[in-house]
Structures are given as C-alpha cells and as structure tokens.
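Trainee: This is the structure I have questions about; it appears just below.
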Amino acid sequence: MDDKKYWVGFNLIKGIGAVRMQGLIAYFGDLESAWKANPADLAQAGLGSKVIERVLQARANVDLDQVWGKIQSQGIQILTWEDETYPTRLKEIDQPPPVLYIRGEYLPDDLFAVAIVGTRRVTPYGRQVTEEIASFVASNGITVISGLARGVDAIAHQTALKAGGRTLGVLGSGVDKIYPPEHRAMAEKMMQRGAIVSDYAPGTPPDASNFPPRNRIISGLSLAVVVIEAGETSGALITAEFAAEQGREVFAVPGSILAPQSKGTNKLIQNGALPLLNANDLMQVLDLTRMGEQKAARKILPADETEARLLNVLGSEPLHVDEIRNQAELPIEKVSAALALMELKGMVRQVGGMNYVAVREVQSGYSTSGETFDGT
C-alpha cells in the first residue's frame with residue numbers, strides 16, 4: 001500500500017499542518033511510523049494533548065485503505081513534499097502545504113504561471129480587462145491560475161481555455177466538491193487543459209474559513225499576481241498580501257477613484273504594487289519574453305550539483321560573478337557557463353555588471369502588514 005495514505009491520514013486531522021508534519025517526519029523518520037506511534041512518542045514529537053487525542057480518534061475511526069481506494073477511484077493525484085513533481089515554486093514558500101490533491105495534471109511548464117484574481121462583483125470594465133490580460137497571458141504559453149470563484153476568477157479561467165491555454169483552479173474545498181456548483185462544467189474542461197488543486201482532503205465542503213488560507217497557494221504557484229478589481233475587503237487583497245510575503249510580483253489594474261471595485265486595487269498601487277497598464281508590462285517585468293527559451297532549457301538541461309551550489313550562494317542581494325566563484329569554490333569557466341544556463345531556466349537573473357540574484361528570492365518591493373496563515 002502506498003505510504004501516501006499516511007500523509008492523507010494526518011491531513012485529515014485538524015491542527016496538523018506544515019509545521020507539525022515536519023516535526024513528525026523529523027522525529028519518526030516517516031509518517032507510517034508516526035501514524036502507528038503511541039501517545040508518549042507523539043508528545044515527544046511535539047504534539048499537544050488535544051492534537052494527540054484527535055490522532056487517536058482518527059486512527060480508530062478512519063480506514064486509511066478505504067480512504068485511499070476512494071481517492072484512487074476518483075482519479076485524484078496526490079503530491080507530497082517528497083515527490084519530485086511537487087510544484088517547485090510552491091515548495092519555496094514558508095510552510096508549503098504538505099499534501100496537494102490534484103484532478104487533471106500539473107505539468108513542469110506550469111512553473112510559468114500568473115495568477116489573475118479579483119472581485120466577484122465584476123464591472124464591464126473589469127470583465128474587459130480580465131479577458132484581455134488572461135487571453136494575452138494564455139496565448140503566450142503562460143498558465144493562468146485563479147480560485148474558480150464567481151466574477152474575475154471565472155472569467156480568467158474561461159478566457160484561458162478559450163485562448164487554448166492552460167489554467168489551474170485552487171479550491172477552498174476538496175477537489176471533489178466544486179464550488180460554486182455552477183462552475184462544475186468549467187472545472188471539467190479545466191481538468192483537460194490544466195488542473196483543479198486543493199490542500200484540503202477530498203470530501204471537505206467549501207467553508208468561508210478555508211478560502212483565505214488557500215490564497216497562499218494561488219500566489220505560491222505563480223510568478224506574479226494580477227489583481228483586476230477588488231473592493232476594500234476583497235479576498236483578492238489577501239492573495240496580493242501572500243504574494244508580497246512570498247517575494248512574488250504584485251500587479252494591480254488602476255480604476256476609477258469613484259468605483260467601489262477599484263478601491264482595493266488603487267490602494268495596492270498606493271502601497272507599492274506595480275500598476276498594470278498593458279499586458280506587455282507583465283511580460284517585460286517578469287522577463288517572460290524569453291519564456292520559450294526558458295522552457296526548452298528546463299527540459300533539456302536538468303539541474304546538477306553545480307547549479308545546486310550556485311543557488312546555495314545566491315540570494316536576493318546581487319553578487320558579482322567573482323564573489324559567486326569564491327563562495328562556490330568552483331572554476332570561473334564552470335560558474336559562468338552554469339549561470340548562463342540557469343538564467344535561461346529562469347532560476348537566476350543578471351541585474352547588471354555581472355551581478356546575479358536568485359529569482360526565487362527576488363522581492364517585489366511591495367509590503368503589507370497583515371497576519372500570515374501559519375498552516376499549523
């Protein structure tokens with residue numbers, strides 16, 4: 001039996017998120033041992049009495065073989081931290097979800113993705129802008145990510161499909177509980193050219209408390225987040241907040257100062273988000289004009305020890321190639337060749353004067369002061 005069933009088992013238990021899952025793996029070595037452990041050892045692994053009680057109840061009441069069989073019968077794919085195919089970009093965020101449930105297919109090319117989010121109460125202006133940006137993005141081979149909600153989200157998904165592109169929908173429910181229900185047909189189409197994704201176990205109903213934390217996955221999977229229209233209390237602003245904390249670029253479409261749907265986006269711009277005036281702005285800022293080369297390089301040139309050492313050295317502060325060579329303790333010819341290939345892959349960026357930064361850690365410059373979801 002696949003040991004992933006134990007990941008699912010712990011994922012079903014309230015109070016066990018990324019931090020506690022890491023603690024269990026660190027203490028027991030694997031989750032099968034943790035699932036079968038006695039209460040004293042679970043306490044030693046860092047679980048509190050209430051969580052231990054929930055673990056014992058789950059072990060008594062949940063038939064993991066049955067749960068696993070049902071997941072397989074529904075065609076749901078499960079990715080964990082231990083899978084090579086777990087989304088690279090998502091794995092880089094603070095406390096990435098330990099388990100992802102996927103209907104459809106997440107592909108390596110989905111690494112090149114942009115999130116398009118916004119209000120449910122979209123205006124004709126918002127609809128037009130969403131269609132133009134989503135169509136442009138999808139037509140250029142970039143995956144469109146959103147939350148399958150009414151309004152901007154749905155328009156973004158529909159437009160991406162219409163343009164022949166790929167699109168991913170991140171849910172605040174199990175992947176077998178499509179919400180809102182009128183989007184089921186669209187979700188089925190998305191599974192043919194993309195995927196429906198969730199970190200909530202199958203069977204989890206949509207609940208208001210599930211949606212804000214799932215937004216960290218929308219931004220975590222993306223190179224950038226584009227907010228089309230958002231009121232002052234819109235969930236899209238939470239996605240933008242997560243994006244800023246994760247070092248993603250945040251774009252906002254400016255709107256009328258009199259329109260309620262533009263109050264949130266205009267405020268984002270005031271706080272440092274990049275105003276999106278043209279879809280080409282997105283391509284230029286993210287250097288997506290070279291995306292075809294980057295995709296080809298990712299397929300042809302796999303990561304090796306040299307790349308790993310250089311990524312270890314590089315961060316958000318620019319480093320000159322000579323300093324990179326010194327810290328990596330590698331010959332300059334090897335460093336220069338590797339950096340050139342890594343730039344094609346989109347892993348590093350040259351910021352002038354033979355100085356490089358790691359793309360995964362580049363900050364957007366837009367900051368917020370909201371609380372984060374700790375995932376525990």
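The values are calculated or read from the model by the stated rules, or taken from the named source; none is laboratory data. Here the structure is a predicted model, which means the values were calculated and not measured. Ideal geometry is used to build each Cβ from the backbone, glycine not excepted, and the neighbour counts take in all protein chains shown.
Trainee: Run Arg309 past the list (1) at pLDDT 80 or above; (2) surrounded by 15 or more Cβ atoms within 10 Å (Cβ to Cβ); (3) closer than 30 Å to Asn11 by Cβ and report the number of the one that doesn't hold.
Mentor: Going through (1) at pLDDT 80 or above; (2) surrounded by 15 or more Cβ atoms within 10 Å (Cβ to Cβ); (3) closer than 30 Å to Asn11 by Cβ one by one, Arg309 breaks only (3).
Trainee: Could you figure out which of (1) part of a helix (DSSP H, G or I); (2) modelled with pLDDT of 95 or more isn't true of Leu168?
Mentor: Of (1) part of a helix (DSSP H, G or I); (2) modelled with pLDDT of 95 or more, only one is false for Leu168: (1).
Trainee: Could you run through the stretch 264-277 and say how many residues are crowded, with 20+ Cβ neighbours inside 10 Å and of a type in the set (Lys, Arg)?
Mentor: Going through the stretch 264-277 one residue at a time, the tally reaches 0.
Trainee: Same structure, new question: Quick one: in the stretch 246-260, which of the residues that are more than 16 Å from the chain's Cα centre (by Cα) and surrounded by 23 or more Cβ atoms within 10 Å (Cβ to Cβ) is farthest from Val285 (Cα to Cα)?
Mentor: Our first condition is that a residue be more than 16 Å from the chain's Cα centre (by Cα); within the stretch 246-260, this holds for 251-260.
With the extra rule that they be surrounded by 23 or more Cβ atoms within 10 Å (Cβ to Cβ), the set shrinks to 251-253.
Details: Phe251: 10, Ala252: 13, Val253: 15 Å.
Looking at residues that are more than 16 Å from the chain's Cα centre (by Cα) and surrounded by 23 or more Cβ atoms within 10 Å (Cβ to Cβ), I get Val253.
Trainee: Also: Just to verify a result, which residue in the stretch 215-245, among those that are part of a helix (DSSP H, G or I) and hydroxyl-bearing (Ser, Thr, Tyr), is surrounded by the fewest Cβ atoms within 10 Å (Cβ to Cβ)?
Mentor: In the first step, residues of the stretch 215-245 are kept if they are part of a helix (DSSP H, G or I); the result is 215-220, 235-245.
Imposing the further condition that a residue be hydroxyl-bearing (Ser, Thr, Tyr) reduces the set to 219, 239.
On the way: Ser219: 29, Thr239: 31.
Only one residue tops the list, namely Ser219.
Trainee: Restricting to the stretch 257-268, count the residues that are at pLDDT 90 or above and assigned to a loop (DSSP other than H, G, I, E, B).
Mentor: Residues meeting the conditions: 1.
Trainee: When you look at Ala154, is it crowded, with 21+ Cβ neighbours inside 10 Å, touching a residue at least 40 places away in the same chain (Cβ under 8 Å) and either of a type in the set (A, V, I, L, M, F, W, C) or not assigned by TED's automatic domain parsing to the domain that holds Lys4 (or both), yes or no? Lay out the reasoning, then the answer.
Mentor: Numbers: crowded, with 21+ Cβ neighbours inside 10 Å: yes; touching a residue at least 40 places away in the same chain (Cβ under 8 Å): no; either of a type in the set (A, V, I, L, M, F, W, C) or not assigned by TED's automatic domain parsing to the domain that holds Lys4 (or both): yes.
No: the conditions fail for Ala154.
Trainee: For the stretch 171-203, give me each residue that is in a loop (DSSP other than H, G, I, E, B) and out of contact with any helix residue (DSSP H, G or I) (no Cβ under 7 Å at 6 or more places or on another chain). Explain how you work it out, then say what you get.
Mentor: Step one: of the stretch 171-203, the residues in a loop (DSSP other than H, G, I, E, B) are 171-180, 193, 199-203.
Once the filter is applied, which keeps residues that are in a loop (DSSP other than H, G, I, E, B) and out of contact with any helix residue (DSSP H, G or I) (no Cβ under 7 Å at 6 or more places or on another chain), the stretch 171-203 yields Gly174, Val175, Asp176, Lys177, Tyr179, Pro180, Gly203.
Trainee: Output the number of residues of the stretch 84-116 satisfying the condition of being within 18 Å of Lys162 (Cα to Cα) and in contact with a helix residue (DSSP H, G or I) (Cβ under 7 Å, 6 or more places away or on another chain).
Mentor: Our first condition is that a residue be within 18 Å of Lys162 (Cα to Cα); within the stretch 84-116, this holds for 104, 110, 113-116.
Next, only the ones that are in contact with a helix residue (DSSP H, G or I) (Cβ under 7 Å, 6 or more places away or on another chain) stay: 104, 114-116.
Selection size over the stretch 84-116: 4.
Trainee: With within 23 Å of Ile93 (Cβ to Cβ), among the acidic types (Asp, Glu) and in the same structural domain as Met283 (by TED's automatic domain parsing) as the only criterion, which of Glu245, Glu182 stands out?
Mentor: Numbers: Glu182 fails: within 23 Å of Ile93 (Cβ to Cβ).
The unique qualifying residue is Glu245.
Trainee: I need the full set of residues from the stretch 132-148 which are surrounded by 17 or more Cβ atoms within 10 Å (Cβ to Cβ) and either free of Cβ contacts under 8 Å to residues at least 60 places away in the same chain or not β-branched (Val, Ile, Thr) (or both), in order please. I'd like the intermediate steps shown before the answer.
Mentor: Restricting attention to the stretch 132-148, the residues satisfying the condition of being surrounded by 17 or more Cβ atoms within 10 Å (Cβ to Cβ) are 133-138, 140, 142-148.
Result: Ala134, Ser135, Phe136, Ala138, Asn140, Thr143, Val144, Ser146, Gly147, Leu148.
Trainee: Could you figure out which of (1) surrounded by fewer than 17 Cβ atoms within 10 Å (Cβ to Cβ); (2) assigned to a loop (DSSP other than H, G, I, E, B); (3) at pLDDT below 80 isn't true of Thr368?
Mentor: Going through (1) surrounded by fewer than 17 Cβ atoms within 10 Å (Cβ to Cβ); (2) assigned to a loop (DSSP other than H, G, I, E, B); (3) at pLDDT below 80 one by one, Thr368 breaks only (1).
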